[in-house]
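Okay, structure first, notes after.
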Amino acid sequence: MVKVVKFGGSSLASAEQFRKVAEIIHSDDSRRYVVPSAPGKRFKDDTKVTDMLYSCYELAAHGKSFDKEFEEIKERYNSIIDELRINLNLDKEFEVIKACFIGKAGRDYAASRGEYLNGMTLAAYLGYTFIDSAEVIFFNEDGSFDFERTKKAVGERLATIERAVIPGFYGSMPNDTIKTFSRGGSDVTGSIVAAGINADLYENWTDVSGFLICDPRIIENPEPIRTITYKELRELAYMGAGVLHEDAIFPVRKAGIPINIKNTNKPGDAGTFIVESTSQKPLYTITGIAGKKGFATINIEKDMMNSELGFGRRVLEQFEKNGVSFEHMPSGIDTMSIVVHQSEFAEKEQEILSGIHRNVNPDLIDIETDLALIAVVGRGMKCERGTAGRIFSALAHAHVNVKMIDQGSSELNIIIGVNERDFEKAVKAIYDIFVLQRL
């Protein structure tokens, strides 16, 4: 068995955390390829190294002195190196980085140095080969990720290396400049490496023991999710569930490689397995609940709308022309509702509304604001009758008025719109009916 293991910033924030990571890696001989993030926060009010690098580079880019800030970054790494007694000196690396900051090498270059330096440090501590991600992770000229070239390069490079550390978060452009993924992109790098070598498992180590059924800020000690499919995860991640970078799903999903979310501080916990499909029956009807605030609904009414050819296209055309994407579009015979992010819509509100009037001549347009969307997701929902009824019964009992309902054709999720002030109350009611009352 071959595993790719990725460790987040909190897992590598200090020398103490490095020791935990090394113990985890050495405890399983199949953990051969390691993808590290930059050092994260050591305590609540600490600063992540990536943020320190961004701030430092901003000073350099504006021609201001950044010596003090740069020394603080050096100290973060040197303190880890000294405490672990690693045979490594990064002085030359820091000289190059400082010169590149003065030369305005770019924000992506600046941010990537956190992973780069941490990768060198971890490789030296483990006794593994260090591979600069810029040599194997590639982007196209337009900034899009070049998956096929990268997969081939990773596979060829690692075929001859037994154990290696490949920093997360960044790669290179055709002109050899550094390009980063979005924040949290080390998850993506780990997924890419796993796909490149056709790993048996991709372990993603963080500071939580996998996914929880819902946000612990709303529900105290929610039940964990032991197994979740890629499709379920996609739905929950889209609605705001964190832990794993959303784009990290696709490379391993394409290769059929499962992901295991694990806790560096509690390595004995089972964590959450993310799989293509499973015969395991979920413990509850639902797999998870996730939601977001900040939506608005544009409700359009017109008699005989359903018989007017191209009506929907002409409405959506106005959103497209103004650069506003829609999230959901529930409809009836003579009604059509467009759900959008309220902040995006507000900037182009009148242009869009006047365009809709010109294009389709509606009988009425009504706008509802301050809407929260809640996704109830679960592969068990299609097998159990009355799921929607239980949701609406629970919400009615909690005195929550449902503003919108949208169910996907896969029967994997139900989206409910409620007033923002009822958001937390609604989540608690749904969790209670499906989880607490089943215990």
- Message: Quick check on this structure: which one of Glu276, Glu235 is buried (at least 17 other Cβ atoms within 10 Å of the Cβ) and either of a type in the set (D, E, K, R) or at pLDDT below 90 (or both)?
- Response: Glu235
- Message: Suppose we keep only residues that are out of contact with any Ser or Thr (no Cβ under 8 Å at 6 or more places or on another chain), basic (Lys, Arg) and not in a helix (DSSP H, G or I) within region 35-81. Which one would you say is least open to solvent (accessible area, probe 1.4 Å)?
- Response: Lys48
- Task: Look at region 133-146 and say how many of its residues are farther than 14 Å from Thr180 by Cβ, in contact (Cβ under 8 Å) with a residue 12 or more places away in the chain and surrounded by 17 or more Cβ atoms within 10 Å (Cβ to Cβ).
- Result: 1
- Note on the structure: With the first residue restricted to region 397-417 and required to be farther than 15 Å from Thr287 by Cβ and at pLDDT below 90, and the second required to be in a loop (DSSP other than H, G, I, E, B) and open to solvent by 30 Å² or more (accessible area, probe 1.4 Å), Cβ contacts under 9 Å at 6 or more apart or on different chains are Asp406/Met329
- Message: I'd like to check something: does region 211-220 contain any residue that is buried (at least 24 other Cβ atoms within 10 Å of the Cβ) and at pLDDT below 90?
- Response: yes
- Message: Going through Ser182, Ser172, Ser133 one at a time, which residue ends up being at pLDDT below 95 and either within 29 Å of His62 (Cα to Cα) or among the charged types (D, E, K, R) (or both)?
- Response: Ser182
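Looking only at region 385-423, count how many residues are surrounded by 13 or more Cβ atoms within 10 Å (Cβ to Cβ) and not β-branched (Val, Ile, Thr).
Let us first name the residues in region 385-423 that are surrounded by 13 or more Cβ atoms within 10 Å (Cβ to Cβ), namely 387-388, 390-395, 398, 400, 402-408, 411-420, 422-423.
From what is left, the residues that are not β-branched (Val, Ile, Thr) are 388, 390, 392-395, 398, 403-404, 406-408, 411-413, 417, 419-420, 422-423.
Qualifying residue count, region 385-423: 20.
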- Condition test on Ile161, is it surrounded by fewer than 23 Cβ atoms within 10 Å (Cβ to Cβ), at pLDDT below 95 and assigned to a loop (DSSP other than H, G, I, E, B)? no
- Task: Could you please give the count of residues in region 177-199 that are in a loop (DSSP other than H, G, I, E, B) and over 13 Å from the mean Cα position of the chain (by Cα)?
- Result: 4
- In the list Ala99, Ala111, Ala153, which residue meets the criterion of being within 26 Å of Val21 (Cα to Cα) and either assigned to a helix (DSSP H, G or I) or open to solvent by less than 30 Å² (accessible area, probe 1.4 Å) (or both)? Ala111
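The values are calculated or read from the model by the stated rules, or taken from the named source; none is laboratory data. For clarity, every value in this text was computed on a predicted model and none was experimentally measured. FYI the Cβ positions are ideal-geometry reconstructions off the backbone, even for glycines, and counts take in every protein chain you see. To get the accessible areas, we keep the full protein, side chains included, count just its heavy atoms, and leave off ligands, DNA and RNA. Shrake-Rupley method; radii C 1.70, N 1.55, O 1.52, S 1.80 Å.
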